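Structure first, then comments.
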Amino acid sequence: MKGKIESLSKELKNSFMHIRNWIKLEMMNMETLVLAIHEKDLCYQRKHKSMKALQEQQKLLKKIDEGKFTFKTMLKSKSSKDTYKLELLQSIQQKEKDIDNWDEIKKYITVYIIEKAIPLYQDRKSIGYQEAI
């Protein structure tokens, strides 16, 4: 009798734990999808930040070209200012590329989410729900 009770307790499963784990997994899956969409939306903010930095660098370059006072070039020699100017030009070119790239990245993420992530999520969930029923 004691052996039957022990074997029966080992065979029984706690259905509340099963449901809790299932709901937890569903929430994690949904959070992942929401995070992917949020990252897509952050591309706009990153692009805007790059545009702001680009404008600041362009203003600094204009001041240097005009020979106006700047704290960054105050104690530099003529050759150091020229070197700094070249570095600033390279940085400006890179920022311009970055701004274009943020648009492309956002497009790729949007297409991936729409064409791959959401349909895959829907398929997995529908299969999981059918098996649960």
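Which whole-number percent gives the relative contact order of the chain, counting Cα pairs below 8 Å spaced six or more residues apart? In percent, rounded to a whole number, it is 36. Each distinct pair of alpha carbons in the chain adds a 1/r term; the inverse of their mean, the Kirkwood radius, is 20.4 Å. Taking only the Cα atoms of the range 1-61, the ratio Rg/Rh comes out at 1.62, with Rh defined as the Kirkwood radius. Once both axes come from the Cα atoms, what is the angle between helix 78-112 and the longest principal axis of the chain, in degrees from 0 to 90, rounded to 10? It is inclined by approximately 30 degrees.
Within the straight-line cut-off of under 19 Å between alpha carbons, the aspartates and glutamates reachable from Lys13 are Glu131, sequence neighbours fewer than 8 places apart in one chain being disregarded.
Take 52-64, 25-37 and order them by the average number of nearby Cβ atoms within 10 Å per residue, most first; the result is 52-64, 25-37.
Among the listed pairs Lys49/Lys106; Lys52/Lys107; Lys47/Lys116; Lys40/Lys107; Lys49/Lys85; Lys47/Lys85, those whose Cα-Cα separation exceeds 18 Å are Lys52/Lys107; Lys47/Lys116; Lys49/Lys85; Lys47/Lys85. With a cut-off of 12 Å between beta carbons, the residues surrounding Tyr112 carry a summed charge of +2, where Lys and Arg count +1 and Asp and Glu -1.
Bear in mind these aren't lab numbers, they're just calculated from the coordinates by the rules spelled out. Predicted model only: the values in this text are computed from it and were never measured. Methodologically, a virtual Cβ is constructed for each residue, glycine included, from the backbone with ideal geometry; neighbour enumeration extends over all protein chains shown.
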